[in-house]
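Only one structure is covered here, and it is reproduced in the block below.
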Amino acid sequence: MVTIVVRYFASARAAVGIDEEKVTLPDGARVADAVTRLRELHPETLPKLLEAVSYLLDGVAVRDLTRPLTEGAELDVLPPFAGG
């Protein structure tokens, strides 16, 4: 098993009501597996939002959801931000 820290920002934080949580996944899990688990953990608030978010894995933007997760990794959930 691998345990990661998922950190939520902006509307993702508001949707789940927490800043971060630890999520345990099977060995060999990838970012896509973490996203699936987040949908299961927060079925009323996250599934639709997760379609529009970006992710950082240990501070690096994730474009390939097949990237493997390691013990203690930090996965940031970043909703689209408006700027100006």
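The values are calculated or read from the model by the stated rules, or taken from the named source; none is laboratory data. Fair warning: this is a prediction, and the values are worked out from it, not measured in the lab. Quick reminder, even Gly has a Cβ in these numbers, built from the backbone with ideal geometry, and neighbours come from all protein chains shown. Quick note on the areas: whole protein, heavy atoms, side chains included, nothing else; ligands and nucleic acids left out. Shrake-Rupley method; radii C 1.70, N 1.55, O 1.52, S 1.80 Å.
Kindly provide the set of residues from region 43-58 that are of a type outside the set (A, V, I, L, M, F, W, C), in contact with a helix residue (DSSP H, G or I) (Cβ under 7 Å, 6 or more places away or on another chain) and at pLDDT below 95, ordered by number. Can you show your working first?
So the first thing to find is which residues in region 43-58 are of a type outside the set (A, V, I, L, M, F, W, C), and the list is 43-45, 47-48, 51, 54-55, 58.
Now restrict to residues that are in contact with a helix residue (DSSP H, G or I) (Cβ under 7 Å, 6 or more places away or on another chain): 45, 47, 55.
Of everything in region 43-58, those that are of a type outside the set (A, V, I, L, M, F, W, C), in contact with a helix residue (DSSP H, G or I) (Cβ under 7 Å, 6 or more places away or on another chain) and at pLDDT below 95 turn out to be Thr45, Pro47.
Scan region 2-16 and tell me whether some residue there is on the phi > 0 side of the Ramachandran plot and modelled with pLDDT of 95 or more. Walk me through how you get there before you give the answer.
Filtering region 2-16 down to residues on the phi > 0 side of the Ramachandran plot leaves 10.
Pick out the ones that are also modelled with pLDDT of 95 or more and you get none.
No, because not a single residue in region 2-16 is on the phi > 0 side of the Ramachandran plot and modelled with pLDDT of 95 or more.
Looking at region 32-41, can you tell me whether even one residue there is in contact with a helix residue (DSSP H, G or I) (Cβ under 8 Å, 6 or more places away or on another chain), polar (S, T, N, Q) and open to solvent by 20 Å² or more (accessible area, probe 1.4 Å)?
Among the residues of region 32-41, not one is in contact with a helix residue (DSSP H, G or I) (Cβ under 8 Å, 6 or more places away or on another chain), polar (S, T, N, Q) and open to solvent by 20 Å² or more (accessible area, probe 1.4 Å), which makes the answer no.
Considering only region 50-78, state which residues are free of Cβ contacts under 8 Å to residues at least 40 places away in the same chain, surrounded by 13 or more Cβ atoms within 10 Å (Cβ to Cβ) and within 19 Å of Ala15 (Cα to Cα).
Selection gives Leu50, Ser54, Tyr55, Leu56.
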